Amino acid sequence: MTATTVTDARLLATLKSSFGYYSFRPLQQEIMRCILHSQDVFVVMPTGAGKSLCYQLPALLQPGLTVVVSPLIALMKDQVDGLQEQGIAATYINSSLDQWEIARRQAAVARGELKLLYVAPERLTLDSFLGLLRSVKVAFFAIDEAHCISEWGHDFRPEYRQLRALRHIFPSAVFGAFTATATRRVEEDVRAQLGLQRAAGFRGSYDRPNLYYRVLPKKSAYKQLVEYLRERKGDSGIIYCLSRKGTEELATRLSVDGFSAAPYHAGLESNERRLRQEAFIRDDVQVMVATIAFGMGIDKPDVRFVVHYDLPKSLEGYYQESGRAGRDGEPSDCILFYTYGDAVKLRRFIDEKSSEKERQVALDQLQKIVKWAEGEGCRKRAFLAYFDEALAAHPDLCCDVCGTKTAKATSSSTRMDKRGGEAQHQALFDRLRALRKHIADERGVKAFVVFHDSMLKLMASELPITLRDLQQINGVGERKAAKYGNQFLTCIKQYLSETEARAESSSSERSLTRQTTVLLPPTIRTTLDLFERGRSVSEIAISRSFAVSTIEQHLVEAIGKGALTELERLVSAEKRRAIGAIMAEIGTELLKPVIDKLGDGYTYSELNYVRAFLTRKAPKGESHG
């Protein structure tokens with residue numbers, strides 16, 4: 001099968017078999033179609049939106065090698081570890097390896113054994129390495145952190161300028177530029193530098209619906225911080241301070257008060273920085289107290305909170321730093337302790353800049369974040385406005401101004417998934433996390449490479465007891481179920497035995513709902529979950545990139561299997577009575593006679609919902625009357 005003949009069905013099947021997911025996130029499928037049809041792409045998607053999958057999955061479906069260019073050595077290893085855990089032929093070559101290991105991996109490239117190769121941009125300037133790539137078929141160059149190629153970007157790297165030569169050296173390869181943040185000016189520059197003027201452009205929303213923003217007065221800040229951390233025992237978080245001295249002092253104070261905390265800043269030796277970074281990622285350290293030197297390339301999806309103990313220098317910087325929370329999509333907090341005194345300190349630093357232009361730019365950025373922190377309107381709306389984006393709708397988690405949720409709503413004691421776990425099996429979740437850490441430490445990989453927190457939460461709420469049950473959890477997949485499944489299932493069974501949770505749950509109607517929900521196909525279960533969280537049919541369709549009719553059919557099936565019994569949001573009580581009366585009179589087999597008899601004001605969707613409810617499989621002893 002050639003790349004151009006890959007169907008959407010094949011894309012979805014590969015998503016499930018290789019990555020364990022049942023549906024695509026917004027824009028992913030469209031981007032993949034372009035790549036597989038040999039069209040260049042320029043992609044701006046926020047952290048956690050699934051950029052990496054956009055080039056990883058197509059790499060499995062097209063002949064040849066996909067080369068991923070990244071400046072972040074730690075991130076390369078994390079992504080390759082994750083791919084290899086899924087059985088995908090991937091590796092990286094960078095300066096962290098010795099010459100023997102580099103030679104071994106280059107030999108594997110030459111033999112055509114790999115589908116994905118991660119490299120730093122500097123390596124692509126070496127004639128010997130370019131000669132290696134010329135000897136194989138390179139199908140696609142994925143340039144990550146593409147904003148680094150632009151002098152107008154916030155992280156310009158001169159070595160990225162050399163990448164323009166790749167277009168001439170590999171004229172038949174497809175190119176893709178990927179970044180989490182890029183202004184229109186940066187995008188134009190990157191397109192020009194890489195010859196991507198005709199590339200298909202994709203821009204995801206800058207909104208991160210799972211992040212909750214709070215600004216707290218910097219009064220008794222340490223006391224407030226300690227109270228906050230005590231409610232989040234076991235959660236990972238980052239606390240940013242403006243100075244190296246500040247990180248050392250705060251980390252020491254937290255450690256004395258019993259918290260697992262460590263400082264991180266550029267003044268530490270490189271090996272010490274690496275050890276502390278590893279400790280944080282492996283959950284050996286709960287809280288990293290750091291300057292902004294920490295964070296770039298940290299692929300840790302379960303950071304539950306990012307606290308800024310001091311005022312950041314700009315809104316763009318704050319977006320990037322706070323955005324390191326909740327990359328797994330789970331509810332997470334972004335907290336800023338604010339006092340105007342911090343703004344005065346930053347103003348002094350700005351006054352010391354030698355260039356008048358630098359001072360003006362820095363002052364403008366400072367004024368914008370001060371205005372944001374002191375603002376009385378929705379913080380997310382103001383945040384998105386900075387990036388020329390409107391807030392489409394308030395998510396479940398918004399900000400302290402709107403007050404749609406309190407900060408405590410995201411504490412570890414109440415953050416369990418709503419699929420029936422409202423913290424019922426928190427103890428099991430904690431056990432599963434401990435087991436995951438043990439396995440990860442034994443294998444020498446990050447904990448999230450084994451399973452993400454979101455997967456463990458689903459295990460703790462859905463209580464799978466067979467490998468087949470486990471494979472139905474989004475993100476697990478066949479390979480991980482085979483590799484780790486028995487250990488996690490044993491943990492679950494032991495928990496059920498000890499707590500008699502199975503006996504308790506099987507004796508109530510709630511158990512019936514949970515059991516029928518588990519029997520639903522995962523994609524329908526996802527739709528049902530979103531609906532029960534208050535999303536409308538159209539909102540679910542947009543967020544899942546499905547047709548409205550598909551989402552409606554999902555709900556019809558859920559109703560028919562007894563997993564959804566409340567129809568008020570779908571069909572009014574008056575309409576249900578009228579539809580039910582006609583169906584009782586002429587039957588439910590055909591809907592056209594029913595809608596003809598009802599007249600105007602009714603839809604086939606409403607009839608389908610009611611018919612599914614009337615003909616659903618009821619539990620023993622229950623009647624539909």
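The values are calculated or read from the model by the stated rules, or taken from the named source; none is laboratory data. Since we're looking at a predicted model, the values are computed, not measured. Cβ atoms come from the backbone with ideal geometry, glycine included; neighbour counts cover every protein chain shown.
Out of everything in the range 57-79 that is assigned to a helix (DSSP H, G or I) and touching a strand residue (DSSP E or B) at 6+ places or on another chain (Cβ under 6 Å), what residue ends up being farthest from THR179 (Cα to Cα)?
In this case the residue turns out to be ALA59.
Could you please give the count of residues in the range 19-42 that are among the aliphatic types (A, V, I, L, M) and under 16 Å from the mean Cα position of the chain (by Cα)?
1
Of all residues being modelled with pLDDT of 85 or more, of a type in the set (Val, Ile, Thr) and assigned to a helix (DSSP H, G or I) in the range 355-404, which is nearest to the chain's Cα centre (by Cα)? Just the residue, please.
Here the answer is ILE369.
Considering every residue within the range 213-223, establish whether at least one is assigned by TED's automatic domain parsing to the domain that holds GLU330, aliphatic (A, V, I, L, M), in a helix (DSSP H, G or I) and within 27 Å of the chain's Cα centre (by Cα).
No, the range 213-223 contains no residue that is assigned by TED's automatic domain parsing to the domain that holds GLU330, aliphatic (A, V, I, L, M), in a helix (DSSP H, G or I) and within 27 Å of the chain's Cα centre (by Cα).
Return the residues of the range 584-603 that are farther than 16 Å from GLU574 by Cα, more than 44 Å from the chain's Cα centre (by Cα) and among the β-branched types (Val, Ile, Thr); say none if nothing qualifies.
ILE586
When the residues of the range 135-159 are filtered to those that are among the charged types (D, E, K, R) and either surrounded by fewer than 20 Cβ atoms within 10 Å (Cβ to Cβ) or at pLDDT 95 or above (or both), which remaining residue is farthest from GLN193 (Cα to Cα)?
By that ranking, first place goes to LYS137.
From SER332, SER322, grab the single residue that is surrounded by 20 or more Cβ atoms within 10 Å (Cβ to Cβ), in contact with a helix residue (DSSP H, G or I) (Cβ under 8 Å, 6 or more places away or on another chain) and small (Gly, Ala, Ser).
SER332
Could you run through the range 277-297 and say how many residues are in contact with a helix residue (DSSP H, G or I) (Cβ under 7 Å, 6 or more places away or on another chain) and either closer than 12 Å to GLY234 by Cα or assigned to a loop (DSSP other than H, G, I, E, B) (or both)?
Counting residues in the range 277-297 that are in contact with a helix residue (DSSP H, G or I) (Cβ under 7 Å, 6 or more places away or on another chain) and either closer than 12 Å to GLY234 by Cα or assigned to a loop (DSSP other than H, G, I, E, B) (or both) gives 8.
Six or more apart or on different chains, Cβ under 8 Å: which pairs go from a residue in the range 524-541 that's more than 23 Å from ILE473 (Cβ to Cβ) to one that's surrounded by 16 or more Cβ atoms within 10 Å (Cβ to Cβ) and aromatic (Phe, Trp, Tyr)? Could you list them?
VAL537/PHE531
Looking at the range 13-32, is at least one residue assigned by TED's automatic domain parsing to the domain that holds SER172, within 18 Å of ARG544 (Cα to Cα), touching an Asp or Glu at 6+ places or on another chain (Cβ under 8 Å) and at pLDDT 90 or above?
Yes, the conditions are met somewhere in the range 13-32.
Check off (1) in a helix (DSSP H, G or I); (2) modelled with pLDDT of 85 or more for LYS408 and give me the number that stays unchecked.
With (1) in a helix (DSSP H, G or I); (2) modelled with pLDDT of 85 or more applied to LYS408, the lone miss is (2).
Report, ordered by the first and then the second residue, all pairs with beta carbons closer than 7 Å, sequence separation of six or more or different chains, a first member in the range 94-118 that is over 15 Å from VAL67 (Cβ atoms), and a second member that is surrounded by 12 or more Cβ atoms within 10 Å (Cβ to Cβ).
SER96/ILE73; ILE102/ILE93
Can you say whether LEU567 is under 38 Å from the mean Cα position of the chain (by Cα) and at pLDDT 85 or above, as far as the supplied structure shows?
yes
Does the range 86-134 hold any residues that are over 26 Å from the mean Cα position of the chain (by Cα), surrounded by 14 or more Cβ atoms within 10 Å (Cβ to Cβ) and among the basic types (Lys, Arg), and which are they?
ARG105, ARG123
Take the conditions surrounded by fewer than 16 Cβ atoms within 10 Å (Cβ to Cβ) and in contact with a helix residue (DSSP H, G or I) (Cβ under 8 Å, 6 or more places away or on another chain) and apply them to GLN162. Does it pass?
Against the criterion (surrounded by fewer than 16 Cβ atoms within 10 Å (Cβ to Cβ) and in contact with a helix residue (DSSP H, G or I) (Cβ under 8 Å, 6 or more places away or on another chain)), GLN162 qualifies.
Just a yes or no: is a residue in the range 140-156 more than 30 Å from VAL303 (Cβ to Cβ), part of a loop (DSSP other than H, G, I, E, B) and touching a strand residue (DSSP E or B) at 6+ places or on another chain (Cβ under 9 Å)?
No - not one qualifying residue is present in the range 140-156.
If you scan the range 277-305, which residues turn out to be of a type in the set (Lys, Arg) and either at pLDDT 90 or above or in the same structural domain as LYS446 (by TED's automatic domain parsing) (or both)?
ARG304
Take ALA343 and decide whether it is modelled with pLDDT of 90 or more and part of a loop (DSSP other than H, G, I, E, B).
no
Return the residues of the range 585-601 that are surrounded by 10 or more Cβ atoms within 10 Å (Cβ to Cβ) and on the phi > 0 side of the Ramachandran plot; say none if nothing qualifies.
GLY587 - this is the single residue of the range 585-601 that is surrounded by 10 or more Cβ atoms within 10 Å (Cβ to Cβ) and on the phi > 0 side of the Ramachandran plot.
Condition first: touching a strand residue (DSSP E or B) at 6+ places or on another chain (Cβ under 8 Å), within 30 Å of PHE170 (Cα to Cα) and surrounded by fewer than 18 Cβ atoms within 10 Å (Cβ to Cβ). Can you find one or more residues in the range 246-257 that meet it?
no
As an exercise: evaluate ASN474 against (1) in a loop (DSSP other than H, G, I, E, B); (2) at pLDDT below 80; (3) of a type in the set (S, T, N, Q) and give the number of the one condition it does not meet.
So the condition that ASN474 fails would be (2).
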